[in-house]
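Scroll down for the structure; my scribbles are underneath it.
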Amino acid sequence: MKISRQNIYLLALSVFLLIFVLIFSFMLLIPTGKEYRIKRAELKKENKKLRQLSDFANDTSTILQDLQNENRHIITAFSTPFIADRFQKQHRKFFSSLKLSKISKQENDDVFSVYEVNTTSEISSPKSFYKFLDAVNKSDWIIAINFPIIFKRDSELIHSSFTMKVYNNDKSKKEEKPKEDSNTTK
Amino acid sequence: MKYSYIKPRKKTALTKDMQLLFTFFGASIFMLVLTYSFLVFKDYRFDQREQEIVQEKKDLNQDINNMKDKITLIEKQNMLSQRVFTKNTVLKDSISNLFDLVPSRITLSQAKIMENSLTLYGITPNKDIYNFMLQAPLRSIFNRSYSSFYPQKNGWYSFVSTNFIDEESILDENK
């Protein structure tokens, strides 16, 4: 059987192209395809994790917003620096005289800074002091009335002295210590 | 022997068969390269997306940590403020109760309220009124009560009443 030269060319080319296709497929296409499938599966997993994390972030954000809305007064109170003049303006109506002195910084606890304010005042009756204690809980700061509390009768008035602890967010690194203050209002 | 009189055609390697073969393999190779390019492009996009996801996760984790810190701070603020408000309210009630405790016949001149003690200065018409109307209720509240009397010129008595609550009983109450 005689095979023409033309057919030999045809056969050689066919074999060459077939080999090319096979090598291309096995060396490049199939590994890339495998990698594609693995990466697609991984990405699906990662997307799922991201969605879960995003949902968790949304839930946390909702909780935070709810807390912020519920505790707006407290949050503002903790971030408001104590100003003796403003305190006196707001609370002098309960006293015949009100004097704040010695604002000194106490030892910080882990989160909050605490300032101690010595207070002397004169009241006409203990009821004014009760009203003052009610008002302190609604004031612009978080203030704890502290011992010792001394009431001393002075003719028609009651002379009272007590200390107050004012709580603030601890920003000691950024913030300067409050200046010592001494003001009297009558 | 026969002779042909036609002019011989030019012979070419690109015969019809070869053209068909090239077309077929060309199409196949084109499709393979296209598929390969698609896969390489997708792999690249996956890598890019994965990096984006890593960054997004990092950002989200940071946000979550910040929010958790804020939540912790608000909870601490809330707890502390509630403690302070309660302490102020309890203090108000305690002072109110103390002044209600003092009978109208006894006049207080001074009251010192400490964390564990109470000292009262005042005047009383006689010791019995003090003992029955002020000392008795004070004894029921405090663990230890001490009284001193000083006679006045008008027959009344000045008194100093010192009352203590033992620390153990405060701790028991707090438990």
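Per residue of B:86-95, what is the mean number of Cβ atoms on other protein chains within 10 angstrom of that residue's Cβ?
Mean number of neighbouring Cβ atoms from other chains: 5.
Given the peptides B:64-76, A:113-125, arrange them by the average over their residues of other C-beta atoms within 10 Å, most packed first.
Descending packing order for the listed peptides: A:113-125, B:64-76.
Once you list every other residue whose beta carbon is under 13 Å from the beta carbon of residue A:53, what net charge do they have if Lys and Arg are +1 and Asp and Glu are -1?
Neighbourhood net charge equals 0.
Within 10 Å, count the other beta carbons around each residue, average over each peptide in B:113-125, A:69-81, A:132-144, and list them highest first. Please list the in-between numbers first.
Details: B:113-125: 17.0, A:69-81: 15.2, A:132-144: 18.6.
With the highest mean Cβ count within 10 Å placed first, the list reads A:132-144, B:113-125, A:69-81.
Listing A:162, B:149 from the residue with the fewest other Cβ atoms within 10 Å to the one with the most, what is the order?
B:149, A:162
Expressed in nm to one decimal, what extension gain is obtained for the pair residue B:61 and residue B:99 from 0.36 nm per residue of sequence separation less their Cα-Cα distance?
8.0 nm
What is the dipole size for the range B:20-154, taken about its Cα centre, with +1 at each Lys and Arg Cβ and -1 at each Asp and Glu Cβ, in debye to the nearest 20?
Using only the charged Cβ atoms, the result is roughly 1020 debye.
Using the Cα centre of the range B:105-175 as the reference point, and only Cβ charges (+1 on K/R, -1 on D/E), how large is the resulting charge dipole? Debye, rounded to the nearest 20.
For this selection, approximately 480 debye.
Have a look at A:86, A:40, A:153 and tell me which one the Gaussian network model of chain A (Cα, springs below 10 Å) gives the largest fluctuation.
Among A:86, A:40, A:153, the largest mean-square fluctuation in the Gaussian network model of chain A belongs to A:40.
Let me spell out the model: positive unit charges on the Cβ of Lys and Arg, negative unit charges on the Cβ of Asp and Glu, origin at the Cα centre of the range A:1-70. What dipole size does that give, in debye rounded to 20?
880 debye
Considering only C-alpha atoms, what is the centroid distance from the range B:36-106 to the range A:1-54, in Å?
54 Å
Could you work out which residue, out of A:45, A:152, A:93, moves most in a Gaussian network model of chain A, that is, has the largest mean-square fluctuation with Cα springs under 10 Å?
For chain A, modelled as a Gaussian network with Cα springs under 10 Å, the answer is A:45.
For chain B, calculate the relative contact order in percent as a whole number, restricting contacts to Cα pairs under 8 Å that are 6 or more residues apart.
14 percent
For q values of 0.14, 0.15, 0.20 Å⁻¹, compute log₁₀ I(q)/I(0) with the Debye formula on a Cα-only model of the range B:1-137, without solvent.
-0.93, -0.97, -1.18
Provide a whole-number value for the mean count of partner chain Cβ atoms within 10 Å of the Cβ atoms in peptide A:138-151.
Working: counts 1, 0, 0, 0, 6, 4, 9, 6, 4, 7, 6, 7, 6, 10.
Mean partner shielding for this stretch: 5.
Could you sort out which of A:93/A:138; A:93/B:70; A:93/B:87; A:89/B:87; A:48/B:76; A:39/B:70 sit more than 26 Å apart by Cα distance in this structure?
In this structure, A:93/B:70; A:48/B:76; A:39/B:70 lie more than 26 Å apart at Cα.
Where a number appears in this text, it was derived from the coordinates with a stated rule and is not lab data. Note that the structure is a prediction, hence the values are computed from the model and not measured. In this analysis, Cβ positions are derived from the backbone assuming ideal geometry, glycine residues included, and neighbour counts consider all displayed protein chains.
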